[in-house]
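Right, one structure below, let's go through it.
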Amino acid sequence: MQQTVVQKILAKSTGKEYVKVGEVIEPLVNLAMSHENAALVLNQFNEIYNGVGLEPKVWDPSRISIIFDHRVPAESKKTATNQKKVRQFVEEQGISKFHDIRGDEGGICHQILPEMGYILPGYVVVGTDSHTTTHGALGAFAFGVGATEMASVWTLGKILNVEVPDTIKVIINGELPKYVTPKDIILYLIGKISAEGANFKVLEFHGTTIKNMSTSGRLTICNMAVEAGATSGIVPADDETIRYLRDEAGVTGNIEIINPDIDAVYSQIVEIDASNLEPQVACPHTVDNVKPVSAVEGTRIHQIVIGSCTNGRLDDIAAAAAILKDKKVAKGVRMLVFPASSRIYSQAVEMGYVTDLMKAGAVVMNSGCGPCLGVHQGALGDGEVALATTNRNFKGRMGNPTSDVYLSSPVVAAYSALTGYITNPLKGEN
């Protein structure tokens, strides 16, 4: 019936056989996620019920997940008080998918959801965070919403007035060259189509490169789909999706695979030959200001950040640790590493990666989003330059509008930490 993956998911969620692009629908939600901004949602939620004189009650506590990750541990009285309010709400409503500030089950929301098996292919997932697009890596239609919209979801269990989006098909073929990673692919794509190139559309990823890519890499690519303006990014579920959900997320129930029709209609087709790529760097102050590393190597840097919901998984940390093992971070450079979850942190300890990084001079921090958006742990000083594996480099993004932020893969970041300058890995290895 010429449907894309997202059209099929939305048709299923509304009980229809077919939905057309531009049609306004009200899909049922499989999972609704918030982090500390659940405090804002809570205020809107209470207003809804106060307006009709009823006791506030969420539609289904098993389908709501709340994860503290942006300011952890709390850095202020205001944050601590908001977190306290949310804890009380979670207890009152019986929300079980709650992840507090803990060393055994905490972490960044966009890592916790996949690794806990909360996301399945075909799900409609909404989150009060723009990088909810991450979860399309598991074959779900996942997108960000505002606090008012989320309050409505908590009440009704569906998202109102959703316009079925158009889809861009992205075909990526070829074997990745040495030192080129999924982060380089998505940076290159954003640079190619621009920060507005996928506005209000879905990026649907295909090709041999994607087929051979781990779920970790797919999470990176879908995470940054929003930086091209996309409503969502999605990789149709396949054998790798099932492997990850079974082996790493512990899912035992049924997993439904949803694929696009062979004759699905796309608004645009973008093709990328990954075998010709070199490592990419997004330069200040927009994510689509992308250049090959060879064009910016030699740029002085003061802080390296490896981690975040984009590149804080075990393979990212392993790559950095292998590069820094038995070496030293350059003088005058601060290197911050924050694993995406407590589970990943624990695994990195067991594998010896944390020891290798710390001996090299890196500071390994608890899982959290603070350094990425500059609200907690790791803000930049006036005029300083950072190279980060995070997802945004807007002016002031890491806490200081007079600083510059460059974005790269963990491989480029680790080699650059050794020199104090943005470094081409092909030269850095020598």
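Around the amide H of GLN2, modelled in the peptide plane, lie the amide H atoms of ASP263, all under 5 Å away and 5 or more residues distant in sequence or on another chain.
Loop-located GluC sites (Glu not before Pro) in region 240-302 (DSSP state not H, G, I, E or B) with no more than 12 neighbouring Cβ atoms inside 10 Å: GLU256. For a modelled paramagnetic label at ALA322, 7 Å from Cα along Cα-to-Cβ, the residues of region 273-299 in reach, with backbone nitrogen under 20 Å, are 275-280.
The alpha-carbon of LYS359 sits under 30 angstrom from the alpha-carbons of these lysines, leaving out residues fewer than 8 places away in its chain: LYS178, LYS183, LYS325, LYS327, LYS328, LYS331, LYS427. Phi-derived couplings, Karplus 6.51 cos²θ - 1.76 cosθ + 1.60 at θ = phi - 60°, listed residue by residue for region 240-252: 5, 4, 5, 4, 4, 5, 6, 7, 10, 9, x, 6, 10 Hz, with x used for Gly and Pro. Using a probe of 1.4 angstrom and keeping all protein chains present, the accessible surface of the chain works out to 39 square angstrom per residue. Rounded if a/c is under 1.5, else prolate if a/b is larger than b/c, else oblate: which is region 1-40, with a ≥ b ≥ c the root eigenvalues of its Cα gyration tensor? Prolate, because a/c is 1.5 or more and a/b exceeds b/c. Taking GLY352, GLY191, GLY106 in turn, the Gaussian network model of the chain (Cα-Cα springs below 10 Å) assigns the largest fluctuation to GLY352.
Rounded to the nearest 20 Debye, what is the dipole magnitude of the chain about its Cα centre when Lys and Arg each give +1 and Asp and Glu each give -1 at the C-beta? Roughly 960 debye for the chain. Express the carbon and sulfur contribution to the solvent-accessible surface of region 226-350 as a percent, rounded to the nearest whole number, probe 1.4 angstrom. Accessible surface attributable to carbon and sulfur in region 226-350 totals 48 percent. The fraction of accessible area contributed by carbon and sulfur in region 17-63 is 51 percent, rounded to a whole number (1.4 Å probe; ligands and nucleic acids excluded). A dipole drawn for the chain from +1 and -1 charges on Cβ atoms has a positive end, and of VAL281, ILE221, GLY157 the residue lying farthest that way is VAL281. To put it simply, the accessible area of region 163-207 at a 1.4 Å probe is 47 percent carbon and sulfur.
Taking a ≥ b ≥ c as the square roots of the eigenvalues of the Cα gyration tensor of the chain, is the shape rounded (a/c under 1.5), prolate (a/b larger than b/c) or oblate? Because a/c hits 1.5 or more and a/b fails to exceed b/c, the chain counts as oblate. The overall shape of region 352-430 is oblate: from the C-alpha gyration tensor, with semi-axes ordered a ≥ b ≥ c, the ratio a/c is 1.5 or greater and a/b is no larger than b/c.
Checking the cross-link pairs LYS291/LYS395; LYS12/LYS57; LYS97/LYS201 against a 20 Å limit on the alpha carbon distance flags LYS12/LYS57; LYS97/LYS201 as lying beyond it.
The values are calculated or read from the model by the stated rules, or taken from the named source; none is laboratory data. Just so we're clear, the structure is a prediction, and the values are computed from it rather than from any experiment. Cβ sites come from the backbone with ideal geometry, for glycine too, and all protein chains shown count toward neighbours. For the accessible areas, the whole protein counts, side chains as well, though only heavy atoms, and no ligand, DNA or RNA atoms are used. Shrake-Rupley method; radii C 1.70, N 1.55, O 1.52, S 1.80 Å.
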